[in-house]
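**Q** Once you've had a glance at the structure underneath, I'll fire off some questions.
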Amino acid sequence: MRCNRPRSAAVLTAHDIIPRRTLSKTEMWQTLFGRFERIVVHSERGRAQLVDFGLADDKVRVIGHPVFRSEVDRRDDGRTALCLGLIRPYKGTEDAVEAVLGVDGARLLVVGDPRIPLDGLRRTAGDRAEWRLGYLPNAELRRALSESTVALFPYRAEIDVSGALLQVLGAGVPAIVYDIGGLGEVVGRFGAGAVVEPGDVDAMSAALRGLLGDVDALAAARRGAERAREELTWDASAAAHLELYREIA
């Protein structure tokens, strides 16, 4: 990687920290990070990862990623779990199917463009799942969000933040997430659903059962999603970045 040092103080945002496919290229990343005065990450876990990699603690700054706010008319049936976004291997869609099948009366709504074969999963899910596949227009995306009671994120440890999660919370929909990257941090911080151990399908299923079966718990999770909508704004992110830029100017 060739990267000239910026002519003035500069900041790098490490959106996915260090991509796994290039993690072994230690010298390349150290050279890159050395060209910037500050590195911005979106989670405390991401900050710790870079400090463990060798960056000075005061060089790494955590600025939460804003949600993608949208206004939707809530018309869910009280039992629908959503899987949203590109369907890739690390998304763990098979875990979402299994978790939903473990909760009586629950149904799964899968919305996204598949990058993996789905025939087997569709047979397994049967009539407990609805599949809206492909790239959907915004109106269809809003419809899916409005029909969802809770969203599931059984992701593998590939990323630090999820645009799909930020979209879900931005619509006021609570989420159940595996505790990978910064996903558990944002859901836990705002009480916007539930955080379970990575790979623990039974725990995800139990959390789903708990939210769908307890009106008060679901209402509390929805209030948490609303708090995320109110606090994780683009204005707040811009203000934090401006403060950082003034610090190094």
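**Q** Using the structure shown, decide if residue 132 is in contact with a helix residue (DSSP H, G or I) (Cβ under 9 Å, 6 or more places away or on another chain), in a strand (DSSP E or B), open to solvent by 10 Å² or more (accessible area, probe 1.4 Å) and of a type outside the set (A, V, I, L, M).
**A** yes
**Q** Something else about it: Among the residues of region 105-129 satisfying the criterion of being among the acidic types (Asp, Glu) and closer than 19 Å to residue 151 by Cα, which is surrounded by the most Cβ atoms within 10 Å (Cβ to Cβ)? Before the answer, list the steps.
**A** First pass over region 105-129, keeping only residues among the acidic types (Asp, Glu): 113, 119, 127.
In the following step, the residues that additionally are closer than 19 Å to residue 151 by Cα were identified as 113, 127.
Details: 113: 12, 127: 6.
If we take residues in region 105-129 being among the acidic types (Asp, Glu) and closer than 19 Å to residue 151 by Cα, then 113 is surrounded by the most Cβ atoms within 10 Å (Cβ to Cβ).
**Q** Exactly one of (1) modelled with pLDDT of 95 or more; (2) in contact with a helix residue (DSSP H, G or I) (Cβ under 7 Å, 6 or more places away or on another chain); (3) open to solvent by 10 Å² or more (accessible area, probe 1.4 Å); (4) part of a loop (DSSP other than H, G, I, E, B) is unmet by residue 181. Its number?
**A** All conditions pass for residue 181, except number (1).
**Q** Right, here's the next one. Here is a check on your reading of the model: is residue 108 modelled with pLDDT of 95 or more and of a type in the set (A, V, I, L, M)? If you could, list the steps in order and put the result at the bottom.
**A** Details: modelled with pLDDT of 95 or more: yes; of a type in the set (A, V, I, L, M): yes.
So residue 108 passes the test.
**Q** Say whether the condition of being assigned to a loop (DSSP other than H, G, I, E, B), of a type outside the set (Lys, Arg), over 19 Å from residue 204 (Cβ atoms) and open to solvent by 60 Å² or more (accessible area, probe 1.4 Å) is met by at least one residue in region 84-95.
**A** No, that holds for no residue.
**Q** Another one. Checking residue 79 against (1) open to solvent by less than 40 Å² (accessible area, probe 1.4 Å); (2) in contact with a Gly (Cβ under 7 Å, 6 or more places away or on another chain): exactly one of these is not met. Which one?
**A** Result: residue 79 passes all but (1).
Let's see how each residue does on (1) assigned to a loop (DSSP other than H, G, I, E, B); (2) open to solvent by less than 40 Å² (accessible area, probe 1.4 Å):
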| position | (1), (2) |
| --- | --- |
| 144 | no, yes |
| 160 | yes, yes |
| 165 | no, yes |
| 168 | no, yes |
| 186 | no, yes |
| 194 | no, yes |
| 199 | yes, no |
| 202 | no, no |
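**Q** Taking interchain pairs and intrachain pairs at least six residues apart, which have beta carbon atoms under 7 angstrom, with the first residue in region 220-243 and loosely packed, with under 13 Cβ neighbours inside 10 Å and the second of a type outside the set (Ser, Thr, Tyr)?
**A** 234/66
The values are calculated or read from the model by the stated rules, or taken from the named source; none is laboratory data. Computed from a predicted model, the values in this text were never measured in an experiment. Methodologically, a virtual Cβ is constructed for each residue, glycine included, from the backbone with ideal geometry; neighbour enumeration extends over all protein chains shown. To get the accessible areas, we keep the full protein, side chains included, count just its heavy atoms, and leave off ligands, DNA and RNA. Shrake-Rupley method; radii C 1.70, N 1.55, O 1.52, S 1.80 Å.
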